[in-house]
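Colleague: Quick one: this structure, given as structure tokens, is what I'll be asking you about.
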Amino acid sequence: MTEKLPTEEALIHALKGVKAIIAIRERTKFPAALLQALTDLEIISQTGNHAYHVDIAAATKAGIVVAMAPGSNSTAELAFGLMLAVMRRIPQSDQAMRRGDWPLVLGYVLRGKTLGILGLGKIGTEVAQIGRAFGMKIIAWGPTLTPERASQSHATYMPLDDVLKEADVVSVHLALSDQSRNLLNGVRLGLMKKSAYLINTARGAIVDERALVKVLQERRHRRRGVGCLRRGALGGQSSAAATRQRRPHAAPGLADGFRFRGLCGECRDEHPRLHGRQTDPRRQSRSVTKPRQAQRDADCTA
């Protein structure tokens, strides 16, 4: 399904009799009431590293497996794809040549630039590694990041405001939480260099997009590479925002980027029987779409 259903009742009707759901995005919520109504449902498979939209405890109680297919290397690669696209102006060059033009496009290289990473977890660490390969200087901030942990990734820890002031490219790799929502507001966006680039492959809500549109309209930043947006965030805005590079949030959406793992709402852990083997996603899905409550109970107490 690609259409947004207006009510929970409509969603229940559409999913009646369904045994497996593959949730490509987190737009559809799966609260306890909905899960209880879907009596035939056995598994929800989510692409990405989080399942914010699923009531894990309620799913576990109902005997529904929640499986995840994280692929952090694909997100890191996408971040650099966006960097190269906006800094080397690849889409503009392609569009111009399709019109029959032969433009002289002056872009910017990554080597020698300062890369500011917000969130130096698994994905942020991979971004730092690739950044070093490009010859970039790495600085980083995170809500729990320490100078010692940053140094393990050959990054320099700095306070958030200093990262925004110093970075030529800011790449966002934070989990969405109450603390990170609208973290990059108008004031913090204003700290960035006018020549800076903002790459967000995490969650759209981390950036105050109304403030960002205002910044772009004022041409205070060159470009923004967008890996994700809140639904309708830039709808109806001026062309100043529309000219930036945007794509749906589907960073893990690669056939070779999936590793399936199951989550349990009781032990908050990954069950070994669902984890650790990279296989054909179709075969792996078949192996986990017949949940056994007794087996999961045993896993929780093992």
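Colleague: Which of the residues that make up the stretch 172-189 are closer than 18 Å to Leu216 by Cα, crowded, with 17+ Cβ neighbours inside 10 Å and of a type in the set (A, V, I, L, M, F, W, C)? Break it down stepwise before answering.
Modeller: Here is the first cut: in the stretch 172-189, the residues closer than 18 Å to Leu216 by Cα are 172, 182-189.
Adding the requirement that they be crowded, with 17+ Cβ neighbours inside 10 Å leaves 172, 183-184, 188-189.
Within the stretch 172-189, Val172, Leu183, Leu184, Leu189 meet the criteria.
Colleague: Got at least one residue in the stretch 5-17 being closer than 30 Å to Arg132 by Cβ, of a type in the set (D, E, K, R), modelled with pLDDT under 95 and surrounded by 12 or more Cβ atoms within 10 Å (Cβ to Cβ)?
Modeller: Initially, the stretch 5-17 is screened for residues closer than 30 Å to Arg132 by Cβ, giving none.
No; the residues of the stretch 5-17 include none that is closer than 30 Å to Arg132 by Cβ, of a type in the set (D, E, K, R), modelled with pLDDT under 95 and surrounded by 12 or more Cβ atoms within 10 Å (Cβ to Cβ).
Colleague: Of the residues Gly63, Gly100, which single one is surrounded by fewer than 18 Cβ atoms within 10 Å (Cβ to Cβ), outside the structural domain of Arg132 (by TED's automatic domain parsing) and at positive phi?
Modeller: Answer to the check: Gly63.
Colleague: Between residues in the stretch 182-203 that are in contact (Cβ under 8 Å) with a residue 60 or more places away in the chain and residues that are among the hydroxyl-bearing types (Ser, Thr, Tyr), which pairs lie under 6 Å by C-beta distance while being six or more apart or on different chains?
Modeller: Ile199/Ser171; Thr201/Thr75
Colleague: Mind listing whichever residues of the stretch 7-41 are outside any helix (DSSP H, G or I) and aliphatic (A, V, I, L, M)?
Modeller: Filtering the stretch 7-41 down to residues outside any helix (DSSP H, G or I) leaves 7, 15-31, 38-41.
Those that are outside any helix (DSSP H, G or I) and aliphatic (A, V, I, L, M): Leu15, Val18, Ala20, Ile21, Ile22, Ala23, Ile24, Leu38, Leu41.
Colleague: Moving on to the next point. Which members of the stretch 24-46 meet the condition of being out of contact with any Phe, Trp or Tyr (no Cβ under 7 Å at 6 or more places or on another chain), within 15 Å of Ala58 (Cβ to Cβ) and of a type in the set (A, V, I, L, M, F, W, C)?
Modeller: Of everything in the stretch 24-46, those that are out of contact with any Phe, Trp or Tyr (no Cβ under 7 Å at 6 or more places or on another chain), within 15 Å of Ala58 (Cβ to Cβ) and of a type in the set (A, V, I, L, M, F, W, C) turn out to be Phe30, Ala32, Ala33, Leu34, Leu35, Ala37, Leu38, Leu41, Ile43.
Colleague: Let me ask you something else. Any chance the stretch 117-124 includes a residue that's closer than 20 Å to His50 by Cβ, at pLDDT 95 or above and in a strand (DSSP E or B)? Steps first, please.
Modeller: Just the residues of the stretch 117-124 that are closer than 20 Å to His50 by Cβ, to begin with: 117-124.
Pick out the ones that are also at pLDDT 95 or above and you get 117-120, 124.
Add one more test, that the residue is in a strand (DSSP E or B), and what stays is 117-118.
Yes, because at least one residue in the stretch 117-124 is closer than 20 Å to His50 by Cβ, at pLDDT 95 or above and in a strand (DSSP E or B).
Colleague: Say we look at the stretch 198-219 and pick out the residues that are in contact with a helix residue (DSSP H, G or I) (Cβ under 8 Å, 6 or more places away or on another chain), among the charged types (D, E, K, R) and part of a loop (DSSP other than H, G, I, E, B); which of these is modelled with the lowest pLDDT?
Modeller: For the stretch 198-219, the residue satisfying everything is Arg219.
Colleague: Let me ask you something else. Answer yes if at least one residue in the stretch 89-107 is within 30 Å of Gly142 (Cβ to Cβ) and among the hydroxyl-bearing types (Ser, Thr, Tyr), and no otherwise.
Modeller: No, there is no match, as no residue in the stretch 89-107 is within 30 Å of Gly142 (Cβ to Cβ) and among the hydroxyl-bearing types (Ser, Thr, Tyr).
Colleague: Show the residue pairs that are 6+ apart or on different chains and have beta-carbon atoms under 9 Å apart, the first residue being within the stretch 13-26 and more than 15 Å from Ile43 (Cβ to Cβ), the second being of a type in the set (A, V, I, L, M, F, W, C) and not in a loop (DSSP other than H, G, I, E, B).
Modeller: Lys16/Ala37; Glu26/Val54
Colleague: For Met83, work out the one condition from (1) in the same structural domain as Trp141 (by TED's automatic domain parsing); (2) surrounded by fewer than 19 Cβ atoms within 10 Å (Cβ to Cβ) it doesn't fulfil.
Modeller: All conditions pass for Met83, except number (2).
Colleague: On to the next question. Against the condition modelled with pLDDT of 95 or more, surrounded by fewer than 21 Cβ atoms within 10 Å (Cβ to Cβ) and farther than 23 Å from Leu84 by Cα, how does Gln152 come out, does it pass?
Modeller: Numbers: modelled with pLDDT of 95 or more: yes; surrounded by fewer than 21 Cβ atoms within 10 Å (Cβ to Cβ): yes; farther than 23 Å from Leu84 by Cα: yes.
Yes.
The values are calculated or read from the model by the stated rules, or taken from the named source; none is laboratory data. Because the structure is predicted, anything quoted here is derived from the model rather than measured. Backbone-built Cβ (ideal geometry, glycine too); neighbour counts: all protein chains shown.
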